[in-house]
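The values are calculated or read from the model by the stated rules, or taken from the named source; none is laboratory data. Just so you know, these numbers come straight off a predicted model, no measurement behind them. Note that we place each Cβ from the backbone using ideal geometry, even for glycine, and neighbour counts take in every protein chain shown.
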Amino acid sequence: MLKNLSERKKAWTSIFLFLALVVVLTSPFHYAIVNLYPSRIYVGAIMWCPAIAAIITLKIKGRKISSLNWNWGNWKYIRLSYFIPALYGFITYILIWILGFGGIVNKEALTDWGKELGLFGIGTLNPTAITIIAIILLGTVEVIRASATTLGEEIGWRGFFYL
């Protein structure tokens with residue numbers, strides 16, 4: 001019982017240390033989002049804070065990073081995690097188009113999208129070209145950025161459960 005109580009105390013100490021570090025590390029970015037310009041860069045930084053907090057907690061506790069459980073899950077669920085969001089997005093858009101809540105092409109929205117991506121500095125583009133370039137950019141650069149940001153959050157929370 002004493003060994004079990006001692007292990008629980010160590011676990012709770014690690015948990016509180018991790019949570020305190022997450023609060024300390026994320027506070028400047030929360031402040032920036034609320035009081036400065038709410039930018040995506042601050043959100044990305046916040047998402048890396050759990051990973052950094054987990055690594056700091058491991059170092060303070062004298063554990064190696066390799067002691068975390070870094071295994072891939074079942075490939076069936078990994079594949080489903082990519083296809084299910086695409087499926088419900090596809091179903092949603094089909095329903096929006098069929099029920100008349102929106103059209104397939106909104107030229108104003110596409111033009112705004114092109115301006116946001118900086119596509120008008122290279123000449124005048126038609127909506128089809130904007131759509132193709134934007135999808136390629138968002139499907140590569142944006143996915144990589146989002147994946148890297150999510151990876152930081154995943155490392156932290158995964159580490160949190162194995163501290």
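Worth a mention:
- Which listed residue, of 43, 34, is in a helix (DSSP H, G or I), exposed (fewer than 10 other Cβ atoms within 10 Å of the Cβ) and either touching a Lys or Arg at 6+ places or on another chain (Cβ under 7 Å) or on the phi < 0 side of the Ramachandran plot (or both): 34
- The residues in segment 59-89 that are assigned to a helix (DSSP H, G or I) and touching a Gly at 6+ places or on another chain (Cβ under 7 Å) can be counted, and the count is 0.
- Residue 12, sole failed condition from (1) among the hydrophobic types (A, V, I, L, M, F, W, C); (2) without any contact (Cβ under 8 Å) to a residue 12 or more places away in the chain; (3) closer than 30 Å to residue 116 by Cα: (3)
- Annotation note: of 79, 158, the sole residue that is modelled with pLDDT of 75 or more, out of contact with any Ser or Thr (no Cβ under 7 Å at 6 or more places or on another chain) and either closer than 30 Å to residue 25 by Cα or not acidic (Asp, Glu) (or both) is 79.
- Criterion (modelled with pLDDT under 75 and not in a loop (DSSP other than H, G, I, E, B)) met by exactly one of 110, 125: 110
- Test: residue in segment 52-66 that is polar (S, T, N, Q), under 24 Å from the mean Cα position of the chain (by Cα) and loosely packed, with under 12 Cβ neighbours inside 10 Å: yes
- Here residue 87 qualifies as of a type in the set (A, V, I, L, M, F, W, C) and either free of Cβ contacts under 8 Å to residues at least 24 places away in the same chain or in contact with a strand residue (DSSP E or B) (Cβ under 6 Å, 6 or more places away or on another chain) (or both).
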